[in-house]
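Novice: This is the structure, below, for whatever I ask next.
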Amino acid sequence: MASAMDPRRRVAGEIAQVVGAQLQGQLADQVRRRVAAWNDPRAKLDRRYRRSSRVLTFWLIVLAILSALGVLALVGAVPVAAGVAAAIGIAGTGVLAARTGVRMRQLNAERERLVLTTPPPRPPLPARASAAREPMERLRDAEDALGELLGQLDSAALTSVPADSVAQARATGREASSALRAVSMQLQAVERARDTAPPLERGPLVEGVRRLRAQLDEGVDGYCGLVAAAGRVLAESSAAHPREILGDATDHLAGLASALRDLSG
């Protein structure tokens, strides 16, 4: 009986290890997402604004209490000394409240500036077990690199790079990123269908996952090609034809993005 149970125990142990590894990976992803959300500049400004709002509310309450005390002193309900203390407190608290209000206006202006200049937050990466994970990690790294490169190419010091070429490359990069993430979501949906389908019906779904992964790889390679072109232009900022170097890669990526949008519907 013990020998018959050993294979079952081994299988159960392997399943437990696989499930445990997946859960650990998902937990690590959740922790990373929460840490990234906490450290986001907009989230930090929101926290500082809320803290300042609470402080301002406190000062306003203190001002209301001191004002009431001052009124009572004027009508003779409390000693004059209490009224004098209330007046001094009102002056000091008014200054603190005014400074807090100014600070809140500064924080709000900084939040509005971040909304206009900071790109929208990117969706979380797929699960580690997903075939879409590795291409999306590459895309995220490539997005960061392209943003940095185009920011430098757009500077006034690099006058040999036309501004319209940089703007077109930036817009094409955003389009390609959106199209690639749509394909990634498709791939993940097909993976879920594959994992829940009966064994005899998984063949077409496995092939679908393979095909979508190939599309993702091709699209990310094209995006990385635009990053490489931007890097070449920056390295040779005095090149005679920066528009052609960047334009060819932009056109190629635009074609890939269009094809991916057509395929993903």
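The values are calculated or read from the model by the stated rules, or taken from the named source; none is laboratory data. Keep in mind the model is a prediction, meaning the values are calculated, not measured. A quick note on method: Cβ atoms are made from the backbone with ideal geometry, for glycine too, and the neighbour counts reach across all protein chains shown. Ligands, DNA and RNA are stripped out before the accessible areas are found, and what is left, the full protein with its side chains, is counted by its heavy atoms. Shrake-Rupley method; radii C 1.70, N 1.55, O 1.52, S 1.80 Å.
Novice: What is the local net charge at Gly208, summed over the other residues whose Cβ is closer than 11 Å to its Cβ (Lys, Arg +1; Asp, Glu -1)? Can you show the working numbers first?
Specialist: Details: positive: Arg194, Arg202, Arg210, Arg211, Arg213; negative: Glu191, Glu207.
Result for the neighbourhood of Gly208: +3.
Novice: With each label point set 7 Å from Cα along the Cα-Cβ vector, what nm distance links Ala235 and Arg140?
Specialist: 2.7 nm
Novice: Shifting gears a bit: Give, as a single signed number, the net charge of other residues whose beta carbon lies under 13 Å from the beta carbon of Asp154, with Lys and Arg counted +1 and Asp and Glu -1. Please list the in-between numbers first.
Specialist: On the way: positive: Arg170; negative: Glu148, Asp164.
Residues close to Asp154 contribute a combined charge of -1.
Novice: How large a share of the accessible area of region 57-97, in percent, is made up of carbon and sulfur atoms when the probe is 1.4 Å and the other protein chains stay in place? Mind dumping the intermediate values first?
Specialist: Details: 2160 of 2500 Å².
The computed percentage sits at 86.
Novice: What FRET efficiency comes out for Leu96 versus Asp46 if R0 is 22 angstrom and r is the Cβ-Cβ distance? Round to the nearest 0.05.
Specialist: Details: r = 22 Å, r/R0 = 1.02.
For Leu96 and Asp46, the calculated efficiency is 0.50.
Novice: Run the numbers for Ile65 and Asp251: contour at 0.36 nm per residue of separation, minus the present Cα-Cα distance, in nm.
Specialist: Details: separation 186, 0.36 × 186 = 66.96 nm, distance 6.73 nm.
Working it through step by step, the gained length comes to 60.2 nm.
Novice: Okay, moving on. Please give the length that would be gained between Ala85 and Arg211 if that part of the chain were fully extended, namely 0.36 nm times their separation in residues minus their C-alpha to C-alpha distance (nm, one decimal). Numbers along the way, then the final one.
Specialist: Working: separation 126, 0.36 × 126 = 45.36 nm, distance 7.83 nm.
Stretched out fully, the Ala85 to Arg211 stretch lengthens by 37.5 nm.
Novice: Next up: Using mean Cβ contacts within 10 Å as the protection proxy, how do 197-204, 102-109, 63-70 order, highest first?
Specialist: Numbers: 197-204: 10.0, 102-109: 13.9, 63-70: 15.6.
Ranking the peptides 197-204, 102-109, 63-70 by packing returns 63-70, 102-109, 197-204.
Novice: Counting only heavy atoms of the protein chains, get the accessible area per residue of region 61-137 (1.4 Å probe) and round it to a whole Å² value. Intermediate results must be reported in sequence, preceding the final value.
Specialist: Working: 4770 Å² over 77 residues.
Averaged over the residues of region 61-137, the accessible area is 62 Å².
Novice: Of the heavy-atom accessible surface of region 182-240 (probe 1.4 angstrom), what whole percent is carbon and sulfur? Don't jump to the answer; show the numbers that get you there.
Specialist: Numbers: 1850 of 3200 Å².
Summing carbon and sulfur atoms, their accessible area is 58 percent of the total for region 182-240.
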